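S.K.: So that we are looking at the same thing, I have put the structure below in structure tokens.
The values are calculated or read from the model by the stated rules, or taken from the named source; none is laboratory data. A quick note: this is a predicted structure, and the numbers were derived from the prediction, not measured. Here the Cβ positions follow ideal geometry from the backbone for every residue, glycine too, while neighbour counts run over all protein chains shown. Quick note on the areas: whole protein, heavy atoms, side chains included, nothing else; ligands and nucleic acids left out. Shrake-Rupley method; radii C 1.70, N 1.55, O 1.52, S 1.80 Å.
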Amino acid sequence: MSPHPQRRRRGEDRREQIIDEALKTFADNGYRNASIAEIATRCGLSQPGLLHYFPTKAALLSAVLDHRDRLDYERLGFEHGLRGIEALERLARLVEHNTHVPGLVRLFTVVTGEAVTADHPARDWVVNRYRTVETFLARALDDGVTDGDIRADVDTLALARQIMAMMDGLQLQWLLAPERVDMGRLFRSYIDEVTAHIAA
């Protein structure tokens, strides 16, 4: 028998609350220094109560990262098949949006830094994210070459990796000194320069 709709909605609301509080905790403390007990307290739950929804800390991290992925998927427009310069424009808008969600940026930066160790539970997520984004961006740039908007001699995979490196590096600098680093403006300027350089 399936749960009553109202009870199911309460359960979904509670899961969303746990994911939201876990995101903040992982962003503030990193995965290794975050505790299930702290997250449960922030949610007004006992530790066993939280573990009813997410049986392990690794499972909770996975849910948080899946949540972040869904947000980026929607904002970046993976489903729309962006082509060429349009994809670069979308990236610039995404970075500008990220200036308004420091918690998500901090989570990504902290978890990515931790995940360079082979035993980190987010390592596969980080590796797959980089592969997915670089593949998406390189294909979009390849489409721009096909459309005649981007020069045929551009190494699109290398450029995709350079753009990602710029994004991640600016995020780190912005997190360390947000009052001194205008991440959105700097990335927009960079994308404008790249666009002018690769235009056919």
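S.K.: Condition first: closer than 17 Å to Leu107 by Cβ, open to solvent by 20 Å² or more (accessible area, probe 1.4 Å), in contact (Cβ under 8 Å) with a residue 40 or more places away in the chain and not small (Gly, Ala, Ser). Can you find one or more residues in region 178-186 that meet it?
M.R.: Residues of region 178-186 that are closer than 17 Å to Leu107 by Cβ, as a first pass: 178, 183.
Of the ones still in play, those that are also open to solvent by 20 Å² or more (accessible area, probe 1.4 Å) are 178.
Now drop any that are not in contact (Cβ under 8 Å) with a residue 40 or more places away in the chain, which leaves 178.
With the extra rule that they be not small (Gly, Ala, Ser), the set shrinks to 178.
So far as region 178-186 goes, yes, one or more of its residues are closer than 17 Å to Leu107 by Cβ, open to solvent by 20 Å² or more (accessible area, probe 1.4 Å), in contact (Cβ under 8 Å) with a residue 40 or more places away in the chain and not small (Gly, Ala, Ser).
S.K.: Now for a separate question. Select from region 92-104 the residues that are of a type outside the set (Val, Ile, Thr), open to solvent by less than 60 Å² (accessible area, probe 1.4 Å) and under 13 Å from Leu186 (Cβ atoms) and list them in ascending order.
M.R.: First, pick out the residues of region 92-104 that are of a type outside the set (Val, Ile, Thr): 92-94, 96-98, 100, 102-104.
Still in the list and also open to solvent by less than 60 Å² (accessible area, probe 1.4 Å): 92, 94, 98, 102-104.
Across region 92-104, the qualifying residues are Ala92, Asn98.
S.K.: State yes or no: is Arg32 in a helix (DSSP H, G or I), more than 16 Å from Leu104 (Cβ to Cβ) and either open to solvent by 80 Å² or more (accessible area, probe 1.4 Å) or β-branched (Val, Ile, Thr) (or both)? Even if it seems obvious, please write down each step before you answer.
M.R.: On the way: in a helix (DSSP H, G or I): yes; more than 16 Å from Leu104 (Cβ to Cβ): yes; either open to solvent by 80 Å² or more (accessible area, probe 1.4 Å) or β-branched (Val, Ile, Thr) (or both): yes.
Judged against the criteria, Arg32 is a match.
S.K.: Considering only residues of region 153-177 that are more than 19 Å from the chain's Cα centre (by Cα) and of a type in the set (D, E, K, R), which is surrounded by the fewest Cβ atoms within 10 Å (Cβ to Cβ)? Give the derivation first.
M.R.: Keep residues of region 153-177 that are more than 19 Å from the chain's Cα centre (by Cα), which gives 153-159, 177.
From the residues that got through so far, the ones that are of a type in the set (D, E, K, R) too are 153, 155.
Numbers: Asp153: 8, Asp155: 11.
By that ranking, first place goes to Asp153.
S.K.: Examine region 146-164 for a residue that is acidic (Asp, Glu), more than 22 Å from Thr99 (Cβ to Cβ) and part of a helix (DSSP H, G or I), and state whether such a residue exists. I'd like the intermediate steps shown before the answer.
M.R.: Taking region 146-164 as the starting set, the residues that turn out to be acidic (Asp, Glu) are 147, 149, 153, 155.
Next, from what is left, pick out any that are more than 22 Å from Thr99 (Cβ to Cβ): 147, 149, 153, 155.
So of that shortlist, the ones also part of a helix (DSSP H, G or I) come out as 147.
Scanning region 146-164 turns up at least one residue that is acidic (Asp, Glu), more than 22 Å from Thr99 (Cβ to Cβ) and part of a helix (DSSP H, G or I).
S.K.: Only one residue in Phe26, Phe54, Phe108 is aromatic (Phe, Trp, Tyr) and closer than 29 Å to Asp155 by Cβ, so which one is that?
M.R.: On the way: Phe26 fails: closer than 29 Å to Asp155 by Cβ; Phe54 fails: closer than 29 Å to Asp155 by Cβ.
Of the residues listed, the single one that is aromatic (Phe, Trp, Tyr) and closer than 29 Å to Asp155 by Cβ is Phe108.
S.K.: Follow-up. Given Glu38, Glu21, Glu86, which one is modelled with pLDDT of 85 or more, in a helix (DSSP H, G or I), over 22 Å from Thr132 (Cα atoms) and open to solvent by 40 Å² or more (accessible area, probe 1.4 Å)? Walk me through it before giving the result.
M.R.: Working: Glu21 fails: open to solvent by 40 Å² or more (accessible area, probe 1.4 Å); Glu86 fails: over 22 Å from Thr132 (Cα atoms).
That would be Glu38, the only listed residue that is modelled with pLDDT of 85 or more, in a helix (DSSP H, G or I), over 22 Å from Thr132 (Cα atoms) and open to solvent by 40 Å² or more (accessible area, probe 1.4 Å).
S.K.: Could I ask something else about it? For Val133, are the conditions met, namely being under 29 Å from Arg32 (Cα atoms), among the hydrophobic types (A, V, I, L, M, F, W, C) and modelled with pLDDT under 90? Don't jump to the end; show me each part of the working.
M.R.: Details: under 29 Å from Arg32 (Cα atoms): yes; among the hydrophobic types (A, V, I, L, M, F, W, C): yes; modelled with pLDDT under 90: yes.
The answer is yes for Val133.
S.K.: Let me ask you something else. Buried (at least 19 other Cβ atoms within 10 Å of the Cβ) and assigned to a helix (DSSP H, G or I): which single residue out of Val111, Val126 fits that description? Give the steps one after another, and end with the answer.
M.R.: Details: Val126 fails: buried (at least 19 other Cβ atoms within 10 Å of the Cβ).
Matching residue, one of Val111, Val126: Val111.
S.K.: Taking the options Asp119, Asp147, Asp143, name whichever one is more than 14 Å from the chain's Cα centre (by Cα), farther than 21 Å from Ala22 by Cα and open to solvent by 60 Å² or more (accessible area, probe 1.4 Å). It would help to see each step written out before you state the result.
M.R.: Details: Asp119 fails: farther than 21 Å from Ala22 by Cα; Asp143 fails: open to solvent by 60 Å² or more (accessible area, probe 1.4 Å).
Only one candidate qualifies: Asp147.
S.K.: Related question: So which of Leu45, Leu60 is in contact with a helix residue (DSSP H, G or I) (Cβ under 9 Å, 6 or more places away or on another chain), open to solvent by less than 50 Å² (accessible area, probe 1.4 Å) and in a helix (DSSP H, G or I)?
M.R.: When all the criteria are applied, what remains is Leu60.
S.K.: Leu61 - would you say it is of a type in the set (A, V, I, L, M), under 30 Å from Asp149 (Cβ atoms) and at pLDDT 85 or above? Give the steps one after another, and end with the answer.
M.R.: Working: of a type in the set (A, V, I, L, M): yes; under 30 Å from Asp149 (Cβ atoms): no; at pLDDT 85 or above: yes.
Taking the combined requirement at face value, the residue does not satisfy it.
S.K.: Only residues that are free of Cβ contacts under 8 Å to residues at least 40 places away in the same chain and under 16 Å from Asp66 (Cβ atoms): list them for region 95-127, please.
M.R.: Answer for region 95-127, where residues must be free of Cβ contacts under 8 Å to residues at least 40 places away in the same chain and under 16 Å from Asp66 (Cβ atoms): Ala115, Arg123, Asp124, Val126, Val127.
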